[in-house]
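Please read the structure below before turning to the comments.
The values are calculated or read from the model by the stated rules, or taken from the named source; none is laboratory data. Just so it is clear, the structure is predicted and the values come from calculations on it, not from any experiment. Note that we place each Cβ from the backbone using ideal geometry, even for glycine, and neighbour counts take in every protein chain shown. Surface accessibility is based on the protein's heavy atoms, side chains included, excluding ligands, DNA and RNA. Shrake-Rupley method; radii C 1.70, N 1.55, O 1.52, S 1.80 Å.
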Amino acid sequence: MNEIAPSPEGHVKEGTITMDAGEMRCDANPSSPTAPDPSCVVRAPIGLLAELTHRCPLQCPYCSNPLELEKVNVELSTEDWQKVMREAAQLGILQVHLSGGEPTARRDLEEIVKTAAEAGLYTNLITAAVLLKRERLEKLKECGLDHVQISIQDVDTQAENADRIAGYKGGSAKKKEVAGWVRELGMPLTINAPIHRHNIHSVEAIINYAVELGAGRVEIAHVQYYAWALKNRSSLMPTRDAFMAAARLVERKREELKGIIVIDAVVPDYYAKYPKPCMGGWGRGIINITPSGRVLPCHAAESITHLEFDNVRDKPLADIWLNGDAFQKYRGTSWMKEPCRTCPRREIDYGGCRCQAFALTGDAANTDPACSLSPLHEEWAKVADVESHQSPPAFVYRRPGGATPKPAAEKTPVSSDA
Amino acid sequence: MGEPTPRQRTVIATDSKPVMPPYIKMRYDAGRNRWIILAPERLFDPDPIAVEVLKLCDGARTVGDIAAHLSNEYNAPAQDIEVDIIAMLQDLSDKGVVKA
Ligand code: SF4
Ligand code: SF4
């Protein structure tokens, strides 16, 4: 049996891009040696990351949403999202990740889940959990919700730290309560923990906490430095030593907890030798749709300023996926320059992240500076080393307008919910 | 009520009664012309033998029963089949795809 895809996307929440779900891994299993499978070549997307809204009561400084958050008045309607779900299933998408912002901030989430499930999609809810009531969770389950992923900032015994990171008082306790309901309802639970300087010391405790909560999976998701995380990089970047220690720990816990919990880890590319295949390759496995219906090859793609994106309101999803400019532009390998163009890894990592290449070199077709073969790599990697050893500046919290804060916003406020 | 997550690794043996929990979905993907298993943030690609075995995993049959059944069907020694099946199901159990 081959595992086709470690989930992607799933993670996109909370600033992590574990979206290599798009990557179709074809690992042969010992009992069934497999030749390269034709379906690993056929490129229908397998995952849809549906950002239902950018509204969110939390303010995580590593949020993967863009600095310019989309407003509620531009969001797609219920019918629009239902149409998207049906079109996604027809296109061959298998899993939909209902994300945000906070997806439960949409009152029509039940209707969207129901349509997705009826269309045959496997439905994942990627939530910060603080808005959920038990009855609503039951309702969502009835509508066909398959899986719940709850993001946490730290363990419950470090609730103060967790709530400070999220900028939301009482969040940690509430998440614990909701996780309990998920299990009581017999639904599978994943705990997602974005890891950075302010909680990297808790990695082992977080894994144990996920076991305690009854999760079948835990994601140790080192923050990926785009969007808000990039803005807060100097506050969030862990030292290389701390990262290495965490990586060793994950290995040890995997052995120790084999058969009890699955531990997935997303590595920070500042400390890697080669980049990750961003989204499993551009336009290859994943589609991302923003709250207003813009269709992106990855959730950060809007940062590449010359790309134009189609909207699901104007065109069928299949047409956008197959022919849309933004998807065609960096699909495959023919757009590559050296050193990627002739590199043996070009179909393994697809030259890394286009957004990072654009941000740092001004040309998205350049090699991602995360790659040690990029001429900019050394300079880039040094940034992490320097920043991680300085005392961390205050967070720039994720909230509308927060990216250009007035002086007052520099205090680290902890808002409480209604 | 949901089953509590086991604190101990499930060890698959002859008398285990494996079953896929309801949130693990094995189905035929007509577009790709293959069977797939949908799981939380995962996709698995079962080969024809795995599909056959998993269809027999109903929570009532034991691994021994399944091996005997397949041994009849394929005219192969049940012993060999059982060893194969246990290895496969153990791997799937460790990944949370199968409970026993
Ligand atoms: S602010 Fe909200 S959407 Fe952003 S990472 Fe935190 S919980 Fe997720
Ligand atoms: S040169 Fe390009 S293709 Fe080669 S490893 Fe680096 S990013 Fe990947």
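Screening region A:386-412 for residues that are at pLDDT below 90 and assigned to a helix (DSSP H, G or I) and picking the one that is nearest to residue A:198 (Cα to Cα) gives A:410. Scanning region A:123-145 for residues that are under 23 Å from residue A:220 (Cβ atoms) and within 12 Å of chain B (Cβ to nearest Cβ) yields A:124, A:125, A:126. Looking at region B:17-31, can you tell me whether even one residue there is farther than 29 Å from residue A:150 by Cα, more than 8 Å from chain A (Cβ to nearest Cβ), modelled with pLDDT of 95 or more and open to solvent by 40 Å² or more (accessible area, probe 1.4 Å)? Yes, because at least one residue in region B:17-31 is farther than 29 Å from residue A:150 by Cα, more than 8 Å from chain A (Cβ to nearest Cβ), modelled with pLDDT of 95 or more and open to solvent by 40 Å² or more (accessible area, probe 1.4 Å).
Quick check on residue A:91: is it open to solvent by 20 Å² or more (accessible area, probe 1.4 Å), farther than 21 Å from residue A:145 by Cα, modelled with pLDDT under 95 and in contact with a Phe, Trp or Tyr (Cβ under 7 Å, 6 or more places away or on another chain)? For residue A:91, the condition - open to solvent by 20 Å² or more (accessible area, probe 1.4 Å), farther than 21 Å from residue A:145 by Cα, modelled with pLDDT under 95 and in contact with a Phe, Trp or Tyr (Cβ under 7 Å, 6 or more places away or on another chain) - is not met. Sort out which residues of region A:264-287 are among the β-branched types (Val, Ile, Thr), assigned to a strand (DSSP E or B) and open to solvent by 10 Å² or more (accessible area, probe 1.4 Å), and write them in order of number. Scanning region A:264-287 gives a single hit, A:266. It is to be established whether one or more residues within region B:50-59 are out of contact with any Lys or Arg (no Cβ under 7 Å at 6 or more places or on another chain), charged (D, E, K, R) and open to solvent by less than 40 Å² (accessible area, probe 1.4 Å). No, every residue in region B:50-59 fails to be out of contact with any Lys or Arg (no Cβ under 7 Å at 6 or more places or on another chain), charged (D, E, K, R) and open to solvent by less than 40 Å² (accessible area, probe 1.4 Å). Which of the following residues is under 20 Å from the mean Cα position of the chain (by Cα) and within 29 Å of residue A:244 (Cα to Cα): A:162, A:179? Testing whether each residue is under 20 Å from the mean Cα position of the chain (by Cα) and within 29 Å of residue A:244 (Cα to Cα) leaves just A:162.
Of the helices (runs of 4 or more DSSP H) that lie entirely inside region A:150-250, those containing 3 or more residues that are within 13 Å of chain B (Cβ to nearest Cβ) and away from ligand 2 (no atom under 16 Å from the Cβ) span A:171-184, A:203-212.
Evaluating residue A:159 against the criteria (1) at pLDDT 95 or above; (2) surrounded by fewer than 22 Cβ atoms within 10 Å (Cβ to Cβ) leaves one unmet condition, (1). Is region A:43-61 home to any residue that is open to solvent by less than 40 Å² (accessible area, probe 1.4 Å), in contact with a Leu (Cβ under 6 Å, 6 or more places away or on another chain) and farther than 24 Å from residue A:318 by Cβ? Yes, region A:43-61 contains a residue that is open to solvent by less than 40 Å² (accessible area, probe 1.4 Å), in contact with a Leu (Cβ under 6 Å, 6 or more places away or on another chain) and farther than 24 Å from residue A:318 by Cβ. Filtering region B:32-57 to residues that are more than 7 Å from chain A (Cβ to nearest Cβ) and among the charged types (D, E, K, R) leaves B:52, B:55. Is it the case, given these coordinates, that residue A:324 is of a type in the set (Gly, Ala, Ser), within 16 Å of ligand 2 (Cβ to nearest atom) and touching an Asp or Glu at 6+ places or on another chain (Cβ under 6 Å)? No; evaluated as a whole, the condition is false for this residue. Within region A:101-120, can one find any residue that is under 25 Å from residue A:254 (Cβ atoms), open to solvent by less than 10 Å² (accessible area, probe 1.4 Å) and either within 14 Å of chain B (Cβ to nearest Cβ) or modelled with pLDDT of 95 or more (or both)? No.
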